[in-house]
């Protein structure tokens, strides 16, 4: 089991790393599967298998996004050991990735990866509710790998997010990320760190009208349909909740994690030890 988590609240970039890790493990000859809490899901029984066509209202938005990007078995449920058993008993996976769950100590794990937001770091250094920390700073000294999403003095491993294409929600048309450069657009985000998304759009040359929503927000058609004709660009995670009422003006921006060589070498070492153990 590889756990990808963090010690702070809010978005740090775990999901792009999970996607990268799934591809990496396949390249190493593994058959990976993913378990997740299914945060925000309204299902009445757990655990549940998630597919690209699953209802995010029932299973959560991030698992559906992962199912669409990763193409590997994904199961969700609040009890992670039970969820892991369900996945293993119903698939041929030989390695599991837990999307979040660093603090779920009832779950056995072989490798722990902590992700830090490079811009926000550890905030004021205090634990909840006085600060943003789920656990004390010293927890980072006990994990196997610490990676920062952006620059950080807390680790030598710095992950970057590379933009992919703009994808239309209505017809899946793909356009270059810079297609709307020099134009005004509506940027909409219901994620843990929306400002990173808006900054990415501005870095692509867009003039962004910002629309912020709570993390895991359940969108309706009116939320993403301003009273004008400007393009609307939302995050990939939010897109899974908006597809069924989308229009031609609605797009999402695909992003992918890029990891430094030092991180990959250290991860290779950890996996070799697993295989030889």
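Listed values, structure above:
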read-out	value
Matching entry among 40, 71 (being surrounded by fewer than 23 Cβ atoms within 10 Å (Cβ to Cβ), more than 12 Å from the chain's Cα centre (by Cα) and in contact (Cβ under 8 Å) with a residue 60 or more places away in the chain)	40
Unique residue being within 20 Å of the chain's Cα centre (by Cα) and either modelled with pLDDT of 95 or more or not in a strand (DSSP E or B) (or both) when the list is 253, 274, 230	253
Subset of the range 182-217 (residues that are part of a loop (DSSP other than H, G, I, E, B) and loosely packed, with under 13 Cβ neighbours inside 10 Å)	182, 183, 214
Single condition residue 3 does not satisfy, out of (1) closer than 13 Å to residue 259 by Cβ; (2) buried (at least 23 other Cβ atoms within 10 Å of the Cβ)	(1)
Extreme residue, surrounded by the fewest Cβ atoms within 10 Å (Cβ to Cβ), among residues of the range 108-135 that are free of Cβ contacts under 8 Å to residues at least 40 places away in the same chain and either over 22 Å from the mean Cα position of the chain (by Cα) or under 23 Å from residue 79 (Cα atoms) (or both)	129
Failed item, numbered, when residue 146 is tested on (1) within 20 Å of residue 21 (Cβ to Cβ); (2) part of a strand (DSSP E or B); (3) in contact (Cβ under 8 Å) with a residue 40 or more places away in the chain	(3)
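The values are calculated or read from the model by the stated rules, or taken from the named source; none is laboratory data. As the structure is a computational prediction, the values presented were derived from the model and not from experiment. In this analysis, Cβ positions are derived from the backbone assuming ideal geometry, glycine residues included, and neighbour counts consider all displayed protein chains.
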